[in-house]
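A short worksheet on the structure shown next.
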Amino acid sequence: MRVLIVEDEWLVAEDLEYEISEAGYEVTGIARTMAEALSEANASRPDIAVMDVRLAGGDCGVDVARKLKMEFDVRCIFASGT
């Protein structure tokens, strides 16, 4: 399974990447904003995304998740501390 990480906190993103890789999944990339997430999804075609709710630049993870589903049929798992 190919996983896109959408998280603006660098340490959290790095930890998620490690844990997901250790579980045997392929991390296709890390995005900090909606624009990065959509670009990465277009380039790498992940199967699923792990999504933060609040992203850099004021982007909303829920909105990003909707766009990923509509444009690329990528489902999201929300993992947020807020």
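The values are calculated or read from the model by the stated rules, or taken from the named source; none is laboratory data. What you see is a predicted model; the values in this text were computed from it and never measured. Neighbour counts run over all protein chains shown; Cβ positions are idealised from the backbone, glycine included. For accessibility, only protein heavy atoms count, side chains too; no ligands or nucleic acids. Shrake-Rupley method; radii C 1.70, N 1.55, O 1.52, S 1.80 Å.
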> Of all residues in segment 9-42 being closer than 15 Å to D63 by Cβ and of a type in the set (G, A, S), which is most open to solvent (accessible area, probe 1.4 Å)?
Replying inline: A35
>> Can you tell me how many residues within segment 47-58 are open to solvent by 10 Å² or more (accessible area, probe 1.4 Å) and in contact with a Leu (Cβ under 8 Å, 6 or more places away or on another chain)?
In response: 2
>> What pairs come out if I take residues in segment 47-65 that are without any contact (Cβ under 8 Å) to a residue 40 or more places away in the chain and pair them with residues that are open to solvent by 40 Å² or more (accessible area, probe 1.4 Å) and among the polar types (S, T, N, Q) whose C-beta lies under 6 Å away, six or more apart or interchain?
In response: V53/S80; V53/T82
> Between residues in segment 1-23 that are within 18 Å of L38 (Cα to Cα) and in contact (Cβ under 8 Å) with a residue 12 or more places away in the chain and residues that are surrounded by fewer than 13 Cβ atoms within 10 Å (Cβ to Cβ) and not hydrophobic (A, V, I, L, M, F, W, C), which pairs lie under 7 Å by C-beta distance while being six or more apart or on different chains?
Replying inline: R2/E26; V3/E26
>> small (G, A, S) and touching a Lys or Arg at 6+ places or on another chain (Cβ under 9 Å): is that true of A13 in this structure?
In response: yes
> Just to be sure, is L68 more than 10 Å from the chain's Cα centre (by Cα) and surrounded by 19 or more Cβ atoms within 10 Å (Cβ to Cβ)?
Replying inline: no
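Would you confirm whether or not segment 63-81 contains a residue that is polar (S, T, N, Q) and modelled with pLDDT of 95 or more?
At the first step, the residues of segment 63-81 found to be polar (S, T, N, Q) are 80.
This time we only want the ones that are modelled with pLDDT of 95 or more, so: none.
The answer is no, given that none of the residues of segment 63-81 is polar (S, T, N, Q) and modelled with pLDDT of 95 or more.
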